[in-house]
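This report concerns only the one structure given below.
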Amino acid sequence: NILLQDELSRLRSAEQQNRVLRELLNLRESSSVPLIPVKVVAKDLTGMSNSLTVSSEEDSIRMGLPVINSDSLIGQVTLTSGKYSQILPYSNSLFRISAQVQGTRAYGIVSWTASSARELVLQFVPQTIQVEEGQLVETSGFSNQYSPGIPIGEVTRVEPAEGVETQTIYLEAYADLSTLSEAFIMDFEPDSTINELLEEQQEIF
């Protein structure tokens, strides 16, 4: 019985691994942005400054590139050295991203609440815009760091923000960092014209 249970456990693990790899392959084939496959080699998910370390056979990885899997956004590349890269995941106190509720004009900034591993919060959305549980939150593309339309999570509850005319939208991230083992780095090229305008504005003001 012990041997049979061990064999069954291995088969289930292999089945799950094959499913994940199939989903990643489908994502790579359907993506309009080049995707660089990476493998997670280290995790630190125990505090406020969480991080991931990934390895890749390619040397074209740059700082600032988005990291995704077949479920949703994982984070952003912060450091690279040889075939290794350090990732700032969504469950980090420094994580910020411009986002929107899919199909609406509800735009805001997503950050980590630190109250649970996968709970995020979308802030600065006016109370006049109706947002409901179950709606998808995705990248807006306004920051010029991420391509628009990358899934982030699903709305779990909505609360009015105290003293201001905005609402606080809580969501659960689709990606589970605790089980993450493979991912993609999006070889996303920001719009150079937008970057030049931002640099000129900074020089003026």
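The values are calculated or read from the model by the stated rules, or taken from the named source; none is laboratory data. Worth saying up front: this structure is predicted, and the values here are computed from it rather than measured. As a convention, Cβ positions derive from the backbone with ideal geometry for all residues, glycine included, and neighbour counts pool all protein chains shown. Ligands, DNA and RNA are excluded from the accessible area calculation, which covers all protein heavy atoms including side chains. Shrake-Rupley method; radii C 1.70, N 1.55, O 1.52, S 1.80 Å.
Points to keep in mind about this one:
- Residue within segment 59-66 that is within 16 Å of residue 153 (Cα to Cα) and out of contact with any helix residue (DSSP H, G or I) (no Cβ under 6 Å at 6 or more places or on another chain) present: yes
- Residue ID - surrounded by the fewest Cβ atoms within 10 Å (Cβ to Cβ), chosen from residues in segment 106-129 that are assigned to a strand (DSSP E or B) and of a type in the set (A, V, I, L, M, F, W, C): 124
- Pick from segment 44-72, criterion of a type outside the set (Val, Ile, Thr) and not in a loop (DSSP other than H, G, I, E, B), ranking: most open to solvent (accessible area, probe 1.4 Å): 49
- Looking only at residues of segment 155-169 that are part of a strand (DSSP E or B) and surrounded by fewer than 18 Cβ atoms within 10 Å (Cβ to Cβ), we find that the one that is nearest to the chain's Cα centre (by Cα) is 156.
- Checking each residue of segment 143-153 against the condition of being surrounded by 14 or more Cβ atoms within 10 Å (Cβ to Cβ) and in contact with a helix residue (DSSP H, G or I) (Cβ under 7 Å, 6 or more places away or on another chain) gives at least one match.
- Index of the failed condition, residue 79 passing every other in (1) assigned to a strand (DSSP E or B); (2) buried (at least 16 other Cβ atoms within 10 Å of the Cβ): (2)
- Close Cβ contacts (under 9 Å, 6 or more residues apart or on different chains) running from residues in segment 153-165 that are under 24 Å from residue 70 (Cα atoms) to residues that are open to solvent by 70 Å² or more (accessible area, probe 1.4 Å) and acidic (Asp, Glu) comprise 153/172; 154/133; 154/172; 155/132; 155/133; 155/172; 156/133; 156/172.
- When residue 88 is tested against (1) assigned to a strand (DSSP E or B); (2) surrounded by fewer than 18 Cβ atoms within 10 Å (Cβ to Cβ); (3) free of Cβ contacts under 8 Å to residues at least 40 places away in the same chain; (4) of a type outside the set (Ser, Thr, Tyr), only condition (2) is not met.
- Segment 170-179, subset more than 11 Å from the chain's Cα centre (by Cα) and open to solvent by 10 Å² or more (accessible area, probe 1.4 Å), residue nearest to residue 151 (Cα to Cα): 172
- In this structure, residue 103 does not satisfy being in a loop (DSSP other than H, G, I, E, B) and at pLDDT 95 or above.
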